[in-house]
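*Asks:* This structure is in structure tokens; I'll ask about it shortly.
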There are 2 protein chains.
Amino acid sequence: MSSYAVGIDLGGTNARCALINDKHEVLARNRCSTPVAEGFEAVMHALADLVKQTLSDANIEPLDIRGLCAACPGPLDGGKGIVIEAPNLKWRNAPVAQTLSRLTGIHSILENDANAAGFGEFWAGAGQGCDSMIMMTLGTGVGGAVIIDGKLRHGPSWTGGELGHVVIQDGGRLCGCGQRGCIEAYSSATATVARFREGLSIGWHSVLSEKDPNEITCADIFNAAKDGDDLARHTVEGTARYIAIMGSNMANLLNPDRMVISGGMIQAGDFLFDIIKKEYLKRPFETPVKHMEIIPASLGEDAGVIGAAGCVFESMLR
Amino acid sequence: MSSYAVGIDLGGTNARCALINDKHEVLARNRCSTPVAEGFEAVMHALADLVKQTLSDANIEPLDIRGLCAACPGPLDGGKGIVIEAPNLKWRNAPVAQTLSRLTGIHSILENDANAAGFGEFWAGAGQGCDSMIMMTLGTGVGGAVIIDGKLRHGPSWTGGELGHVVIQDGGRLCGCGQRGCIEAYSSATATVARFREGLSIGWHSVLSEKDPNEITCADIFNAAKDGDDLARHTVEGTARYIAIMGSNMANLLNPDRMVISGGMIQAGDFLFDIIKKEYLKRPFETPVKHMEIIPASLGEDAGVIGAAGCVFESMLR
């Protein structure tokens, strides 16, 4: 059977495509901007062109490809291959898998983007060698994926892995979802910046005090923390603490092998992960907590396309 | 292949044994007190006698039995069949499975007691018809089980399903495990009583005010709440709220089909579950939350022995 798969990672701004073999090597890749304004069919044609270009770059025919997987924002129904709703793509009930199959001549499946990135790390990145892995992505929000016994946990509604809305502080900070106390309202990049600004607003001094508060980024805060700024350090310690809480929650509940963290802030490296580790390892219970390491993702922006292709190989085993 | 299995549910006070067929019917059952003070070998002999008596009651030979599973308190290593530590049995590294195999002539395996009860409900009780189910047991502590795609989630350390130590209130109430804010410190029967007593201690009036605070039970509080007592009602609403939070956490993380609640307080029936439901259904996200019902367990004290026997049948499929 063919050992090639195509992975697509579709966002509201850009789309990426890669041809990948079953040893998770990227043989060719391309990207384009997503023509959201032109509608669903135009996006599908742009993706199909991207696929054709990528196969042509590698001199491989559609018939040589085992399958294609498009990683899309959700909610979606992977069983039916339909994106149910994607506000940033302006889609509702969009038949992605069927349309891509028709336009490319390659059997196509659909996966949630956070799940695809998680599966990418599991298959080819920081989660290699695990049987079970939790992915937590810290960006504007908090996304994630749960992989158990080598399989992504989709669940019957294809909503499994929504780590961001696990409540860790009942009655606490208001989350974008309307609930109070979600981990997303504490440990996302956005929440980290918000907590820092709140410190400034109550008069805490910082090297960033002179900056326009609306221009302060998560990277600014991490840099200031490294330079010994008290408020920045306090803010980063908070973020690390919430990651550690999520870590022990996952360790106790699911006893996974690893928790992989992705998102811009992992560029802080050991500076961040040492604080997480210190906070995490003192939590109960010793056995599952010690078993599950918390480490940074390793694939960067490739996680989505590699993971999508990995889902093609994995879906054959279902 | 034989369609009979033996389930044992071993506690620090009593041991139960049942002969069960693959339609989860109980054909015979017995119980005895656990001779903890006489040591490990004595307990094993007592269990073996219980098994022999049970088979004899049903006129079935050991050779007709597919297997035996002992549900024991943990931590334990089910792969090796060893209870690593059980304070209330005064055991350390106790080779339960091997010893029971030798004494009964029936191939024996070991399972965590909370997992066995969860699997019992999944196989034969409130979780029938599900693919995935969360069990949450509210007693002195909070125990649980996670079943995904029909399989108990043990994890490599056999510690999966420790729901009780998921943090839902960072920095909150001190839990017996040393961590603050665990669900166990809020929604267990013990915590429910503790929260009620705290209300009394700050001067809240209740119909139970005249009782010795140390004698107030969880059942007293539920009864008073039904009778319209303000503090009792407030306390029960708190317990229901924390169960609902755990429910939405599980729904978002794992998208299971059902969450089953066990423990003495489920005797309050609709009075409790209506409050849980009201609190739960307003939480995000609608799709997984609506999909996962929260309902009471249905097997009562039989869950452990039935689940243990179920684990015998399930282990053949692994």
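Laboratory data are not the source of any read-out in this text; all were calculated from the coordinates shown. Just so you know, these numbers come straight off a predicted model, no measurement behind them. Please note: Cβ atoms are built from the backbone with ideal geometry, for glycine as well, and neighbour counts cover all protein chains shown.
*Asks:* Take every Cα pair under 8 Å in chain A that's 6+ residues apart, average their separations, divide by the length, and report that relative contact order as a whole percent.
*Replies:* This gives 20 percent for chain A.
*Asks:* Based only on Cα atoms, what Rg/Rh ratio does region A:254-303 have, Rh being taken as Kirkwood's radius?
*Replies:* Ratio value, two decimals: 1.01.
*Asks:* Would you mind getting me the FRET efficiency between A:N88 and B:L281? Use the beta-carbon distance for r and R0 = 30 Å, nearest 0.05.
*Replies:* That gives a FRET efficiency of 0.60.
*Asks:* A follow-up question, please. Say we join alpha carbon atoms closer than 10 Å with springs in a Gaussian network model of chain A; which of A:I216, A:I65, A:I20 then has the biggest fluctuation?
*Replies:* Its mean-square fluctuation being the largest, the pick is A:I216.
*Asks:* Let me make sure I get this right: for the protein assembly as shown, a, b and c are the square roots of the gyration tensor eigenvalues over alpha carbons, sorted descending. Under 1.5 in a/c it's rounded, otherwise prolate if a/b > b/c, else oblate. Which is it?
*Replies:* Judged from the Cα gyration tensor, the protein assembly as shown comes out oblate (a/c at least 1.5, b/c at or above a/b).
*Asks:* Hey, another quick one. Using the basic label-point model (7 angstrom from Cα toward the beta carbon), what is the A:E210 to B:T13 distance in nanometres?
*Replies:* Computed distance between label sites A:E210 and B:T13 equals 7.0 nm.
*Asks:* Only counting other Cβ atoms within 10 Å, I'd like A:E111, A:E85 sorted with the fewest neighbours first.
*Replies:* Result, fewest neighbours first: A:E85, A:E111.
*Asks:* Place a point 7 Å from the Cα of B:S56 along the Cα-to-Cβ direction; which residues of region B:1-35 have their backbone N under 15 Å from it?
*Replies:* B:29-32
*Asks:* A further question follows. Can you tell me the orientation of helix A:40-58 relative to chain A, as the angle in degrees between its alpha-carbon axis and the longest Cα principal axis, to the nearest 10?
*Replies:* Once rounded, one gets 80 degrees.
*Asks:* Give the angle, between 0 and 90 degrees and rounded to the nearest 10, that separates the Cα long axis of helix B:303-315 from the longest principal axis of the Cα atoms of chain B.
*Replies:* 50 degrees
*Asks:* In nm, give the distance between the simple-model label positions of B:S3 and B:A194, each being 7 Å from the Cα along the Cα-to-Cβ direction.
*Replies:* Going from the B:S3 label point to the B:A194 one covers 4.8 nm.
*Asks:* Would you give the gap between the C-alpha center of region A:180-224 and the C-alpha center of region A:75-103, rounded to a whole Å?
*Replies:* Here the answer is 36 Å between Cα centres.
*Asks:* Under 10 Å, Cα contacts only: if you run a Gaussian network model on chain B, which one of B:L68, B:L110, B:L254 comes out with the highest mean-square fluctuation?
*Replies:* In this elastic network of chain B, the residue with the biggest mean-square fluctuation among B:L68, B:L110, B:L254 is B:L254.
*Asks:* Put one equal scatterer on each alpha carbon of chain B, apply the Debye formula with no solvent term, and list log10 I(q)/I(0) at q = 0.10, 0.14, 0.15 1/Å to two decimals.
*Replies:* -0.59, -1.06, -1.17
*Asks:* For a label point 7 angstrom out from the Cα of B:N21 toward its Cβ, which stretches of region B:35-79 have the backbone nitrogen within less than 15 Å?
*Replies:* Within reach of a label on B:N21, which here means backbone N under 15 Å from a point 7 Å along Cα→Cβ, region B:35-79 contributes B:58-61, B:64-66.
*Asks:* Let me ask something additional. Listing A:H154, A:H205, A:H291 from the residue with the fewest other Cβ atoms within 10 Å to the one with the most, what is the order?
*Replies:* Lowest count first: A:H205, A:H291, A:H154.
*Asks:* Now for a separate question. Name the residues whose placed amide hydrogens come within less than 5 Å of the amide hydrogen of A:E85, ignoring near sequence neighbours (fewer than 5 apart) on the same chain.
*Replies:* A:N93
*Asks:* How do B:L89, B:L47 rank when sorted from fewest to most other Cβ atoms within 10 Å of their own Cβ?
*Replies:* B:L89, B:L47
*Asks:* If you project the alpha carbons of region B:135-259 onto the principal axes, what extent comes out on each, in Å, largest first?
*Replies:* 50, 29, 22
*Asks:* Relative contact order of region A:129-298: what whole-number percent is it, with Cα pairs under 8 angstrom and at least 6 residues apart?
*Replies:* Relative contact order, region A:129-298: 22 percent.
*Asks:* Next question. Over region B:1-151, calculate the relative contact order: mean separation of alpha carbon pairs under 8 Å at least 6 apart, over the residue count, as a percent.
*Replies:* Once normalised by length, the contact order is 19 percent.
*Asks:* Tell me the angle of helix B:270-281 to the major Cα principal axis of chain B, expressed in degrees between 0 and 90 and rounded to the nearest ten.
*Replies:* Rounded to the nearest ten degrees, it is 80.
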